[in-house]
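The structure appears right after this line, and notes come after that.
The values are calculated or read from the model by the stated rules, or taken from the named source; none is laboratory data. Model, not experiment: these values are computed from the prediction. For neighbour counting, all protein chains shown are included, and Cβ atoms are generated from backbone atoms with ideal geometry for every residue, glycine included.
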Amino acid sequence: MTALAFTADHVAHGRRQRRNTCRRVIGCAVVALAAAFALTLTLGQSFTPPQVVLDVLLGKDVPGASFTIGQLRLPRAVLAILAGLSFGLSGAAFQIMLRNPLASPDIIGISFGASAAAVFAIVFLSASGAVVSLLAVTGGLAVAVAIYGLSSRNGVAGTRFILVGIGVAAMLESFISYTLSQAPSWNLQEAMRWLTGSVNGAQLQQALPLSAALVGFGGLLLSQARNLEALRLGDDMAAGLGVNVARTRLLVIMGAVGVLAVATAVTGPIAFVAFLSGPIAARLVGSEGSLLMPSALVGAILVLGGDYVGQFLLPTRYPVGVVTGALGAPYLIYLIVRVNRTGRSL
Amino acid sequence: MTHHRLFVQDLAAGYGDRNVFAGLDLDVLPAKITAIVGANACGKSTLLRAMSRLLPPRQGQVLLDGKSIHTMPPRKLAQTLGLLPQSPIAPEGITVSDLVGRGRHPHQGVFSRWTRQDDEAVAAALQATNTTDLAERPVDELSGGQRQRIWIAMALAQQTDILLLDEPTTFLDIAHQVEVLDLLVDLNQTRGTTIIMVLHDLNLAARYADHLVAMADGRLHARGTPGDVLTVETVRDVFGLESSIVADPLSGRPLMLPIGRHRIKREEVA
């Protein structure tokens, strides 16, 4: 055997090992998500035996359980998973593209853009359903374009993009508060949704736009996964490797804003899920393969788990955004301290 | 083996409303090492960026085998023309062989699987840069010199006939600078790779390059063999520095000795 063949075997072996690790992590995440899903369906205020849950899922009419599970727990869990997948995917895409964990859409105001558009549509235009989703996507894209325009001078520098975004986020948040204060009658739960995100009062038909957005925009993102990986080496290096950087950026922004905004139109901007998913996935997966899928799964686990904790494990009921917000805030502080020191990226 | 030819024709490029250079022509010698030298802000990095399509031309074009690189599909171009920019970024936690494997990007499609050919290209790049032992190590843990060898390995895994490097020796100590340049000569001699690099150090450029291109104020001031280009006049015109040129006893190439205002024995200058 020649030295080259020997080294090639060695290289192939290492690569396969790391890819298997990546697959194992994805497998474990799917199992964990399924387990959490099963838990939220069976154990809430009361315990429902798995057999009964299964019966309800299969469409049998079980007195009592049909309502608890079919109308309350199932829509809530399904929506939590879909929103989590969307936020995780979108957050990781932005973080990878701009090579900075702070570049998450919930930090740089894109989530608030979608949320502000949704609130505006509901309060002032009395809109609902698809119109709200559409306006949310438009709002998110408009904010993305605005930040892009405000921060581009001789190309977009990551730091300026983030700082401009944080400013825009603060402005939009106050706009949301103002709009909410103008509404004729809001209960606290509804107001919380548009500020921190919640899956309260979820309905199964809301899952439809979310699934469609995940297939369309999410598919667009996954088609750019390889180019995104190349972008992690720097824009110049990626261009040297044959990546059309401008086109990749455009497609990624469209895809990421699309999934994010549609999900936000339903659940509100669930705090810090987009921000946390990518870095957590990166810790678990390592450097081989794309981070998009693992991040999406982590996002789903965060929202489903966070909602469960907020509902049942704390003295008072809290919307999911309060729980994920409490998780995310310390990490944000840690990150700002650390990024300033080392300047490293995701 | 026939080599790809890179030709710069009447090129203008710049940033904002300012042209860094205009009307520039350069015929890159195939299978040779070309070093671009010049003072800070003379446009040498801008030229390299324009030649590798990082910067769109304002006028003129860059031709690869007679075809404009600006209209070629990017992936196709990346199979022939490799690039090592000045400060590439290693993703956190990435291992050496994964990073080198990223060089295979232009050879892989969206759905195509990793092939034996890819593994062999990575293996050959690791061997050529003497980094086989580092293959499984995280890049974060490596020294600056080792890291630069890894980046060159990545460019090698791309298996391009032409390689552009923007100051490949910056931030390296002198031993590692020599190591990197030796590596590039190896590459040029064993694979016939055409190398074009921007270098800061005039003497290392004269030692290692077959062809020197001296730029000043966005113009090609002089080009040719190191012996032709590295003269007292060129150094004065390009760098505004008085110097004395001697023959390097080790290589026979010219060696530039700067004349500053201090520490010079007066009779030497006269």
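The listed residues are B:Leu165, B:Leu156, and the only one of them that is within 28 Å of B:Val28 (Cα to Cα), at pLDDT 95 or above and within 22 Å of the chain's Cα centre (by Cα) turns out to be B:Leu165. Are any of the residues in the stretch A:254-266 surrounded by fewer than 23 Cβ atoms within 10 Å (Cβ to Cβ), more than 15 Å from the chain's Cα centre (by Cα), away from every other protein chain (no Cβ under 14 Å) and over 26 Å from B:Gly101 (Cβ atoms)? No.
Is there a residue in the stretch B:63-77 that is assigned to a strand (DSSP E or B), among the aliphatic types (A, V, I, L, M) and free of Cβ contacts under 8 Å to residues at least 60 places away in the same chain? Reasoning before the result, please.
First, pick out the residues of the stretch B:63-77 that are assigned to a strand (DSSP E or B): B:63-64, B:67-68.
Within this subset, residues satisfying the condition of being among the aliphatic types (A, V, I, L, M) are B:63-64.
Filter again for free of Cβ contacts under 8 Å to residues at least 60 places away in the same chain, leaving B:63.
Yes; the residues of the stretch B:63-77 include at least one that is assigned to a strand (DSSP E or B), among the aliphatic types (A, V, I, L, M) and free of Cβ contacts under 8 Å to residues at least 60 places away in the same chain.
What about A:Leu233, is it in contact (Cβ under 8 Å) with a residue 40 or more places away in the chain, among the hydrophobic types (A, V, I, L, M, F, W, C) and either buried (at least 24 other Cβ atoms within 10 Å of the Cβ) or in a helix (DSSP H, G or I) (or both)? Criteria not met by A:Leu233.
Condition test on A:Arg24, is it modelled with pLDDT under 90 and either in contact with a helix residue (DSSP H, G or I) (Cβ under 7 Å, 6 or more places away or on another chain) or closer than 16 Å to A:Met293 by Cα (or both)?
Values: modelled with pLDDT under 90: no; either in contact with a helix residue (DSSP H, G or I) (Cβ under 7 Å, 6 or more places away or on another chain) or closer than 16 Å to A:Met293 by Cα (or both): yes.
Judged against the criteria, A:Arg24 is not a match.
Quick test for you: out of A:Val243, A:Val285, pick the one residue that is within 14 Å of chain B (Cβ to nearest Cβ), under 29 Å from B:Ile69 (Cβ atoms) and buried (at least 24 other Cβ atoms within 10 Å of the Cβ).
Only one candidate qualifies: A:Val243.
Would you confirm whether or not the stretch B:75-93 contains a residue that is away from chain A (no Cβ under 14 Å), of a type in the set (A, V, I, L, M) and at negative phi?
no
Checking every residue in the stretch B:221-234 against the condition of being surrounded by 14 or more Cβ atoms within 10 Å (Cβ to Cβ), outside the structural domain of B:Met154 (by TED's automatic domain parsing) and over 21 Å from B:Leu26 (Cβ atoms) gives at least one match.
Residues in the stretch B:33-42 that are surrounded by fewer than 24 Cβ atoms within 10 Å (Cβ to Cβ) and in contact (Cβ under 8 Å) with a residue 60 or more places away in the chain: how many? Residues flagged as surrounded by fewer than 24 Cβ atoms within 10 Å (Cβ to Cβ) and in contact (Cβ under 8 Å) with a residue 60 or more places away in the chain within the stretch B:33-42 amount to 4.
Every condition in (1) under 17 Å from the mean Cα position of the chain (by Cα); (2) within 14 Å of chain A (Cβ to nearest Cβ); (3) surrounded by fewer than 22 Cβ atoms within 10 Å (Cβ to Cβ); (4) not in a loop (DSSP other than H, G, I, E, B) holds for B:Ala50 except the one numbered (3). Note on the stretch A:178-230: residues that are in contact with a helix residue (DSSP H, G or I) (Cβ under 7 Å, 6 or more places away or on another chain), over 23 Å from B:Ile89 (Cα atoms) and not in a helix (DSSP H, G or I) total 8. Consider A:Ala213 carefully, then state whether it is more than 14 Å from every other protein chain (Cβ to nearest Cβ) and either surrounded by fewer than 20 Cβ atoms within 10 Å (Cβ to Cβ) or of a type in the set (Val, Ile, Thr) (or both). Here the answer is no, as A:Ala213 does not meet what is asked.
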